[in-house]
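Report on the structure given below.
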Amino acid sequence: MKTLELQFVTEDNKTVRIAVDEPIEPVDTVKLKDAMNKILASNVQTSASGLPFTAVKGARLIEQNVSDYTL
């Protein structure tokens, strides 16, 4: 399973992450940056402590491999 992790900085300079499961690939970095800037400008998202996002920090694609075993 792949997850796209969007990283933002909060008012207290901490990193907040938003995970998007099974993103469309290949990731279009221009559209991604535009979408993240829209999230930032909307002021809708806040951290768990209620602080607003102040900047886009980055994004990364994370791939996890899971193997189930019958016991």
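Bear in mind these aren't lab numbers, they're just calculated from the coordinates by the rules spelled out. Bear in mind the structure is a predicted one, so any value in this text is a computation, not a measurement. All Cβ positions, glycine included, derive from the backbone under ideal geometry; neighbour counts span all protein chains shown.
Miscellaneous remarks
- Evaluated against (1) aliphatic (A, V, I, L, M); (2) part of a loop (DSSP other than H, G, I, E, B); (3) in contact (Cβ under 8 Å) with a residue 24 or more places away in the chain, Leu4 falls short on exactly one condition, (2).
- Hits in region 20-71 - residues which are exposed (fewer than 10 other Cβ atoms within 10 Å of the Cβ), in a strand (DSSP E or B) and polar (S, T, N, Q): none
- Residue satisfying all of: in region 1-10; of a type outside the set (S, T, N, Q) and surrounded by 14 or more Cβ atoms within 10 Å (Cβ to Cβ); farthest from Ser67 (Cα to Cα) among these: Val9
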